[in-house]
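Encoded as structure tokens, the structure appears first; notes follow it.
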Amino acid sequence: MSWEMVDEGWGRRAVEFATLSEPSNCREYVAVHHRVGVTTGEQLLDVACGSGLALELARARGATCAGIDASQRLVAVAQDRNPNCDIRVGDMENLPWDRETFDVVTSFRGIWGTTPAAVDEAHRVLVSGGRLAITVWGNVGKSPGAWMMSPFRWATEEKVQHQADMVGLGFPGVGEAFLDERGFDVAERFEISSVFEYPDPQTYARGMAATGPAYEAIQSIGEQEFIDRATELAATRVRDGLPLRGQIQLFGYIGTKR
Ligand SMILES: C[S@@+](CC[C@H](N)C(=O)[O-])C[C@H]1O[C@@H](n2cnc3c(N)ncnc32)[C@H](O)[C@@H]1O
């Protein structure tokens, strides 16, 4: 699929994605920014920045931020949240910045094993000794919160297989080799706290329906059916006085440009 088509899935419920789904990722953003040592005065690029919450948090650490995402409707939210930042609609495999522009490049579940050119581009725009931090899903199916992502499997078999291919970087040694081959010295893989939280089944269903992989399921079964089934699924997980909560295994890699 060409990058220009990405907005069709990721952008169609941009406001719901930004307000219902993305906030759960703040744990991941804070952990990675801390680990990669984002600090005042650094130039940071977030690749596949989505609706820009990670950029807001990097700015809070004093970084000067830029971002890129293929979805124009997510970028509109990211720009609204991060005025005066250089946030562009575009393809992570063809970054519109000069070589050696950034001290840090991050990508939160945006760069996959299926997108090696994005790593080459991150390498090009980093200064020598610059750091690349990426996160990738681990074993989603064996995670305690696996049920929360199971609606993505309501897509066609072919799309579910593609989703599985994308997450291959989570296997031990694979992500390290992927970055090493592309000019990075890689530190040890680390696990990150990744948790989805929703107040009730209806909000869970709306939050999930706003994501790109859910759109692939929606194309198979229709949006109302997706919402109904997801609401029903989450209703079996309600806990008295506590939010719906699911932990999913997530890994991070930090590479330093050689
Ligand atoms: C799993 S989401 C992650 C978004 C964001 N990093 C976050 O933490 O919520 C993947 C993102 O990649 C973007 N994307 C997909 N293909 C892209 C491409 N070729 N270039 C730039 N962004 C792309 C999508 O629009 C989507 O925002």
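The values are calculated or read from the model by the stated rules, or taken from the named source; none is laboratory data. The structure presented is a predicted model; accordingly, all values stated were derived computationally and were not measured. Cβ: placed from backbone, ideal geometry, glycine included. Neighbour counts: every protein chain shown.
Out of the residues in the range 60-98 that are of a type outside the set (A, V, I, L, M, F, W, C) and assigned to a helix (DSSP H, G or I), which is nearest to residue 118 (Cα to Cα)? Please lay out each step first, then the result.
Of the residues in the range 60-98, the ones of a type outside the set (A, V, I, L, M, F, W, C) are 61-62, 64, 67, 69, 71-73, 79-84, 86, 88, 90-91, 93-94, 96, 98.
Now narrow it down to the ones that are assigned to a helix (DSSP H, G or I): 72-73, 79-81.
Details: 72: 19, 73: 21, 79: 22, 80: 25, 81: 25 Å.
The selected residue is 72.
A quick yes/no check of all residues on (1) of a type in the set (A, V, I, L, M); (2) over 30 Å from residue 257 (Cα atoms):
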| residue | (1), (2) |
| --- | --- |
| 118 | yes, no |
| 125 | yes, no |
| 131 | no, no |
| 140 | yes, no |
| 146 | yes, yes |
| 150 | no, yes |
| 161 | no, yes |
| 169 | yes, no |
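Close Cβ contacts (under 8 Å, 6 or more residues apart or on different chains) running from residues in the range 205-220 that are touching a residue at least 24 places away in the same chain (Cβ under 8 Å) and assigned to a helix (DSSP H, G or I) to residues that are within 12 Å of the ligand (Cβ to nearest atom) and among the β-branched types (Val, Ile, Thr) comprise 212/6.
Close Cβ contacts (under 9 Å, 6 or more residues apart or on different chains) running from residues in the range 4-26 that are free of Cβ contacts under 8 Å to residues at least 12 places away in the same chain to residues that are among the polar types (S, T, N, Q) and within 10 Å of the ligand (Cβ to nearest atom) comprise 19/51. In the range 78-116, of all residues being out of contact with any helix residue (DSSP H, G or I) (no Cβ under 9 Å at 6 or more places or on another chain) and of a type in the set (S, T, N, Q), the one that is modelled with the highest pLDDT corresponds to 79.
Scanning the range 99-114 for residues that are under 16 Å from residue 184 (Cα atoms), more than 7 Å from the ligand (Cβ to nearest atom) and either polar (S, T, N, Q) or part of a helix (DSSP H, G or I) (or both) yields one hit, 106. When residue 159 is tested against (1) free of Cβ contacts under 8 Å to residues at least 24 places away in the same chain; (2) touching a Pro at 6+ places or on another chain (Cβ under 9 Å); (3) among the charged types (D, E, K, R), exactly one condition is not met: (1).
Is it the case, given these coordinates, that residue 4 is at pLDDT below 95 and assigned to a helix (DSSP H, G or I)? Yes.
One residue stands out in the range 1-23 among those that are surrounded by fewer than 19 Cβ atoms within 10 Å (Cβ to Cβ) and of a type in the set (S, T, N, Q): the one that is farthest from residue 249 (Cα to Cα), namely 2.
Evaluation of residue 38 against the conditions (1) surrounded by 21 or more Cβ atoms within 10 Å (Cβ to Cβ); (2) more than 13 Å from the ligand (Cβ to nearest atom); (3) assigned to a helix (DSSP H, G or I) shows that the sole unmet condition is (3). Among the residues of the range 104-153, which ones are small (Gly, Ala, Ser), surrounded by fewer than 19 Cβ atoms within 10 Å (Cβ to Cβ) and farther than 26 Å from residue 64 by Cα? Residues satisfying the conditions are 113, 141, 143, 146, 150.
Could you count how many residues in the range 160-178 are in contact with a strand residue (DSSP E or B) (Cβ under 6 Å, 6 or more places away or on another chain) and either at pLDDT 95 or above or among the polar types (S, T, N, Q) (or both)?
Residues that pass the stated criteria total 0.
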